[in-house]
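Take a look at the structure set out below.
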Amino acid sequence: MMRRKLKVAVFKFASCSGCQLQILNMEDELLTLTDAVEFTYFLEASRATAPGPYDVAFIEGSISTPEQEELVRRVREESRILVAMGACATAGGIQALRNWLRLDDVKRAVYPNPEWVKALEHSKPVAEVVKVDYELRGCPVSKERLLSFIKQVLVGRKPYLRREALCMDCRRKGNVCVMVAKGIPCLGPVVQEGCGAICPTFGRGCYGCFGPSIDARPEALASRLREVGMKDRDVARLFKGFTGWSEKFRKVINELEGGAR
Amino acid sequence: MVEGRLIPKPAVIEDVVDEAPNVRTFYLRMPEGYPEPKPGQFNELYVMGVGEVPISVSDVTQEGLVAHTVRVAGRVTEVLAEASVGDVIGVRGPYGKGWPVEQAVGKDVLIVAGGIGLAPLRPVIRHIERNRAKYGKLTILYGARAPRHLLYKYELEKYASIPNTELLLSVDKAEGPWEGHVGFVTDLIPKADIDPERTIAMICGPEIMMKFTIKRLYEIGLKDNQIYLSLERRMRCGVGLCGHCQMGPYFVCKHGPVFPHWFIKKYFWVEQI
Amino acid sequence: MTGNGRESLEIRVSNLARVEGEGGVYLKVSGGRVEYVEVHIHEAPRFFEAILKGRHYLEVPDITARICGICPLAYVMSSSRAMEKILGIKPHEEVFKLRRIAYLGEWIESHVLHIALLHAPDFLGYDSALRMVEEHGDFIRDSLKLKAWGNRVLEVVGGRPVHPVVFRVGGTYRIIRRDELLPLLKRVEEMKRRARRVLEFVANLPMPEFRQDITYVSLRNDVRYPILEGDVVTSDGERFKEEDFEKHVEVEQAKYSNSLRYRLSGGRPYCVGPLARFNLNHDLLAPEVKDKLAELGIKAPLKNAFQSIIARAAEVYHAVVELDELITSYREPPQPYVEGEVREGEAAAITEAPRGMLYHRYRIDSEGFVRYANIVAPTCQNYVAMEEDIRRLAPNLLTMPREKAQWVVEQAIRNYDPCISCSVHFIRLHIIND
Amino acid sequence: MVSGGIYSGKFGELRKLFNALRLRGYRVIAPKLEDGVIRLKEVTSFDEVPYGWEDIQAPGKYSVREGGKHFRHGPDAPKRILYPPRLELFRLRPDWSVEYPKERFPPTALFAIKPCDLASISVMDRVQGGIGDPYYLALRKKLIIIVENCVEPGATCFCSTMGTGPEARDGFDIAYTRLDDNLVVFRPGSDLGVELLSELNIEPATDEVLRKYYDALKNASLKAKAPFELERLPDELELGLNSPVFKEVAERCFGCAGCNMVCPTCFCFDVIDEPELDGGAVRVRVWDGCFSYTYAEVAGGNFRKDLWARYRHWVLHKFAYWVRQFGVFGCVGCGRCITWCPAGIDLRETIKSVVEWVRSRGGG
Ligand SMILES: Cc1cc2nc3c(=O)[nH]c(=O)nc-3n(C[C@H](O)[C@H](O)[C@H](O)COP(=O)(O)OP(=O)(O)OC[C@H]3O[C@@H](n4cnc5c(N)ncnc54)[C@H](O)[C@@H]3O)c2cc1C
Ligand code: SF4
Ligand code: SF4
Ligand code: SF4
């Protein structure tokens, strides 16, 4: 089934590089993988770069400057399959929290010469700028999912990864529900599976790095959390994390914060 | 054995026929020990590493090749549709309860099919053709989106020449020359010459189309126990294990996919059952 | 314009490869004189400063971790330690051990990534490590195994190698069981062997002749190789408390860069990271590491920036040896974490990220929300040093073909394993306004 | 000599029984306190079984305290052992030959499980057993079951309504009941049970003990009731298919499928086909649940795209369809889906409300 080598490119936008690192973290598979995959553009790994077109372009990072907007459009044109990789690319990332603030204030708070700094009004998920074919969620993406994704592309199928609530995976794994047993607020019921439910495994609630699950109902979770005694502002902060700018979470946050933006 | 039942066995594609846009028929040389499927049964077809989909048997040839007419609908069917002669795919089956061809002996048979829904009914037409004396009148009402979406165009008209057979076609939208009906396939029901007393109706198509058909059939006097339909549900195993295909208490894969209407009526009409 | 003659040279690399993040380098020499050296950092700003404001102190480690995916734990640890100082709490000794275990895991993962995948190809003239497999398969395999093991340490202790989830202010979210850690030891001897081989390999790489004249700065605590605690020491003989760090550095901003740059007081360029740590703490390395270095004829201090790869490999070997000890002696603490009384306050902390000292300072209010934050990443501190090195290299560059000169310039930057993602997220020394 | 009948002995006999199982080479799976929760885990010493601890359960809440007399089941059900959440079924080589994963089916003893969990095994026997799941059957064949009857059911238990407890009826090897700190009643339920009990220092129960025993169980039975009755429940629920109750409850539901996962009888699975780099493939079976969005999704749409429809399907499946499919209820009244629902939804209340709705409309 494996045909010619897949031309893969990895592009970085506003991000921490953690998602691309997950590619290099596939130590056990990296050498076999390169039999089937050619990284034609992957600056973190190689000096050698080849121009497009690419079979698959992985986009890491959110789009937050005018140059980035331009570049991602170009990448889109040159790529057969464009994958938004990680929370930044799929939901704007942690840096999207600035989207609730005024850009001018933000710049001034950070830079002595704010006028030197070019930035878009919002830190945007890739899909707000160009068409995205697939999303690989997570902060960072899971390397198992990344590998599975690549393998699926290699056999020529449209990749499929479950997008159900984290709770399913959490409980399959045999974790004890931290909400029920410890009263710890957890976003698991509304967050997409994929990380292996590691936060509950390590005794804490999910903080949402995989973003809303398919058909997530964050409003129901928010009202339950309030019912058990959490303050609105704390519930809002729980959602306002690595995927806070995703449409579904944004809505809940705005409701809780009383319609600010 | 559950694994045993879930293991696809290799089958060789011996012929591929392009039927319509995004629809192809694959004629398979089945693995040894594969039982002869009955009209209305389906197989699970598997593409290595890609996945598995339930597909009805759309013909069994004189040479024993088993045909499956596949419409591209998603992940698996998309890759499957690319397969060509000589390729090996996996099969398991045949599964499910088929059309009531035995109960219909001595009766008129009305076939109402929409789109890809003709595929599972084609074996019924074949069966009646081969056992013509055993059945009364055969009425085939078939509708598709447009003329080019009609399946089996190379033999469709020949159905009309099966003795004592009426064939009426309809399309949602005529493109180019078209002499048949334009509209819903259900519009054909009053046009056909159907004897409600002695007819067994077999329906396959989108659920909404089947519901309209049943209403129309009531209007011309058919009763629930004369109506059969083939249902579609998500299936992950095909053999009543995985739970996905339940409709009410029934597993569509093993209690169906063909059901008498009286049997499932209680659930079939409930919203999002 | 572009010449490879003896008098002038211009190099423009707008996208540096094999560094973490986005940066470029521009050099112009004319008439034998260096006109400018500019290391550009055009990584898009992410405004962490603005984001942190108003967040609860417990959320800070997770948020700042996202500044860098290569060394997230460093951020977790520096911020946690600063918060603990504010709250006046001290995590249990075994928690300290766990932190060290994880941190060493990160060192291994990050160092080996740099050694094998980013840096070594330079010395041997490869575009990427993936192309080295044919001729140097053993080295690549040793490295990948080490890296995988370092990641495994992080997975076991923290759930995943990038952005581990278990550490919090005051300790860990749950007790890490001894029986979870012990299986790591199954491969520890193998890892020591591989680490030795990697060290040997890099010690034998062809090294460009080069001598820095620069101040080295790192933590030092006189007990163990510095990671999580100590005073700041410099090769110029200074020693001061982490709290006083800002008093000893000067900060500047260049127009061409999104990153701030630091000098030691008096305008001295300085260098942090493996080379600095090695030069200032080599006496604290594990005995078998010292033996191996002696055998290889490597003596501290190392003043050739290109030799940073050796310091890195020595630290990897040390990390494996120390992990063996730490895991063997680990006992489960009675509580996973200690919780302090939330109170208003301000404090600073430094830990040794793989790339060098990472400084965090915070002020929180009486409810535990952040009012002020300042972070100084290692790469900002090495920034001036990088340009300095290139300046010093310029005469040699003029004797090389342009291609080669460009490569050496890039390599001079890669010597620092610059983490550009980190560097751009500095935080200005001023109060975030309400 | 022990034969059928009811025996009594001291608490210490339980330890002997436990040790006897270990000596015979069984892997003993028993309740075990871990991080504040009673799990079902392999246990190597009798002292790990949390006698002297009690769990406190309520919709969406769970905790334990020391000093209580009786523990109930925690989140883990026998399903986890007999029907694992993730199972690699086989690998296909590129030439279509089949490779099975190496599996071990150690002889296993379930010790001190609760009557509802025993009942869940008999439900699974009809479902997985009936289907012939070989993994299930291989473990099941060698399974020994020691049940602890419930003298103090928890606040989310409703086994007596479901007819599955608080006393185990059949299907066990030994059932025991702790009447007080040092008085335990034993009942063998199989030849093996008789054999194991013969090794203990126990005596036929006196009339006084028997009275105490029956009283205790009767008392317990009164506590473990749900606010509905089974008699016409399947029909009533089917009449309630259009009840607004499902929509109301679903407003609070997250659709996380946690209930599916903790339920000891939920059996749905998803099949994951993964390609391998060498051209072969692997097939994995993982627990799925009817609350998940994709559960009824097909290429052309979703048969239960709204959460209320999924919620309704689950309730109906447990309490109506299951009876028609397998001749038993799909619920054993363990209350796990109530305790372990992060939204704190109480299944019993839902059923009660649907039945009331049906009756108020003259149905049923
Ligand atoms: C009894 C039966 C007979 C069928 N006969 C035919 C036929 O003769 N010709 C034909 O073209 N199609 C037929 N279908 C529909 C066909 O199975 C789906 O189009 C196909 O499964 C879509 O799979 P996919 O992977 O391409 O799409 P995706 O939407 O990507 O589906 C992914 C998975 O979802 C499940 N799934 C999705 N849609 C369906 C569906 N409609 N039914 C069951 N499972 C689904 C499958 O398990 C599939 O592997 C039949 C379905 C059933 C239930
Ligand atoms: S811990 Fe969180 S993810 Fe896990 S079951 Fe509970 S709510 Fe769901
Ligand atoms: S549990 Fe949630 S926050 Fe934690 S790693 Fe998984 S998706 Fe991210
Ligand atoms: S439906 Fe709920 S109460 Fe019934 S068996 Fe399942 S988990 Fe237990």
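Taken together, the values in this text are just the output of simple stated rules run on the coordinates, not laboratory data. All values derive from a computational prediction rather than experimental measurement. We place every Cβ from the backbone using ideal geometry, glycine too, and count neighbours over all the protein chains shown.
Table for the structure above
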item	result
Virtual paramagnetic centre 7 Å along Cα→Cβ of residue B:153, amide N under 17 Å, in the range B:120-135	none
Least to most buried among A:39, D:90 (fewest other Cβ within 10 Å first)	D:90, A:39
Dipole magnitude of the range C:92-211 about its Cα centre (Cβ charges: Lys, Arg +1; Asp, Glu -1), debye to nearest 20	580 debye
Restraint check, A:143/C:145; B:254/D:141; C:97/D:41; A:173/D:79; B:215/B:265, Cα-Cα greater than 18 Å	B:254/D:141; C:97/D:41
Whichever aspartates and glutamates have a C-alpha closer than 18 Å to that of residue B:211, once near sequence neighbours (fewer than 8 apart) are set aside	B:172, B:187, B:219, B:224, B:232, B:271
Spherically averaged projected area of chain D from its Cα convex hull (nm²)	20.6 nm²
Restricting the range C:292-348 to GluC sites (Glu not before Pro) in coil, as DSSP defines it, with at most 14 other Cβ within 10 Å	C:339, C:341, C:344
Span per principal axis, largest first, for the Cα atoms of the range A:104-227 (Å)	53, 47, 25
Cys residues of chain B counted as unpaired, since no other Cys beta-carbon is under 4.7 Å	B:204, B:245, B:253
Paired Rg and Dmax values of chain A, which use every Cα atom, in angstrom	19.2, 58
Point-to-point label distance, residue C:246-residue D:214, nm (Cα→Cβ direction, 7 Å offset)	8.2 nm
Alpha-carbon Rg with Dmax, taken over the protein assembly as shown, Å	34.8, 114
Options B:185, B:218, B:120, ranked by Cα towards positive dipole end of chain B, top entry (Cβ charges)	B:218
Gain upon complete extension [residue D:232, residue D:22; 0.36 nm per residue less C-alpha separation]	71.1 nm
Exposure proxy order (Cβ contacts within 10 Å, fewest to most) of B:262, C:107	B:262, C:107
For chain A: relative contact order, % (alpha-carbon pairs under 8 angstrom, 6 or more apart)	17 percent
Assigned charges on the beta-carbon of Lys, Arg, Asp, Glu; the range D:247-330 dipole about Cα centre (debye)	600 debye
Segment residue C:403-residue C:12, extension gain: residue separation times 0.36 nm, minus the distance between their alpha carbons	139.6 nm
Hz values of 3J(HN,Hα) by residue in the range D:300-313 - Karplus curve (6.51, -1.76, 1.60), Gly and Pro given as x	x, x, 9, 5, 10, 6, 8, 4, 4, 5, 6, 4, 4, 4
Residue B:102 paired with residue B:162, simple spin-label distance in nm, labels 7 Å along Cα-to-beta-carbon	2.0 nm
Rough spin-label spacing in nm, given labels placed 7 Å along Cα→Cβ, for residue C:396 and residue B:269	8.8 nm
Top positive-direction residue, dipole computed over chain D with Cβ charges, set D:320, D:340, D:193	D:320
Karplus 3J(HN,Hα) series, Hz, for the range A:208-216 with 6.51 cos²θ - 1.76 cosθ + 1.60 (x for Gly, Pro)	x, 6, 8, x, x, 6, 4, 6, 5
Residues residue D:69 and residue C:366, FRET efficiency given R0 of 56 Å [Cβ-Cβ distance, rounded to 0.05]	0.80
Candidate lysines for bridging to residue A:131, where Cα separation is under 18 Å - those fewer than 8 sequence places away on the same chain excluded	A:12, A:158
Cα Rg over Rh - the range D:46-155, Kirkwood	1.09
Debye intensity ratio in log₁₀ form over the Cα atoms of chain C, taken at each q of 0.13 Å⁻¹	-1.14
FRET efficiency, 1/(1 + (r/R0)^6) with R0 22 Å, evaluated for residue C:253 and residue C:36 via beta carbons	0.85
Viscosity 0.692 mPa s, 37 °C: Kirkwood-radius Stokes-Einstein D of the range A:6-154 over Cα pairs, µm²/s	208 µm²/s
Table column - 3J(HN,Hα) (Hz), the range A:60-77, Karplus curve with 6.51, -1.76, 1.60, x for Gly and Pro	9, x, 8, 9, 9, 10, x, 5, 5, 4, 5, 4, 5, 5, 5, 4, 4, 4
Whole-angstrom gap from the range B:71-100 to the range D:240-307, using each part's C-alpha centre	24 Å
Between the range A:166-210 and the range C:333-375, the Cα center-to-center distance that results, in Å	26 Å
Chain C: relative contact order in percent, alpha carbon pairs under 8 Å with at least 6 residues between	25 percent
Exposure proxy order (Cβ contacts within 10 Å, fewest to most) of C:177, C:160	C:177, C:160
Dipole-positive endmost among A:256, A:230, A:126 within chain A (Cβ charges, Cα centre)	A:230
At R0 = 51 Å, FRET efficiency that the Cβ-Cβ distance of residue A:184 and residue C:288 yields, to 0.05	0.70
Helix-only [θ]222 nm of the protein assembly as shown, DSSP H runs n ≥ 4, -39500 (n - 2.57) each, per residue, nearest 500	-9500 deg cm²/dmol
Relative contact order of chain D, defined on C-alpha pairs under 8 angstrom at six or more residues apart (%)	22 percent
Cα centroid separation - the range D:21-49 against the range D:329-345, whole Å	24 Å
Normalised per residue, the volume of the convex hull around the Cα set of the range D:233-360 (Å³)	129 Å³
For the range A:166-257, the spread of Cα positions along each principal axis, largest first, Å	35, 25, 19
Estimated translational D of the range C:265-387 in µm²/s (Stokes, Kirkwood radius over Cα pairs; 37 °C; 0.692 mPa s)	188 µm²/s
Label point at residue C:328 placed 7 Å out along Cα→Cβ; residues across the range C:270-295 whose backbone nitrogen lies under 13 Å	C:287-288
About the Cα centre, charge dipole magnitude for the range D:7-223 (Lys/Arg +1, Asp/Glu -1 at Cβ), debye	500 debye
Full-stretch length increase - residue B:175, residue B:219 - with 0.36 nm per residue and alpha-carbon distance subtracted	12.8 nm
Percent of alpha-carbon pairs separated by more than 28 Å within chain B	33 percent
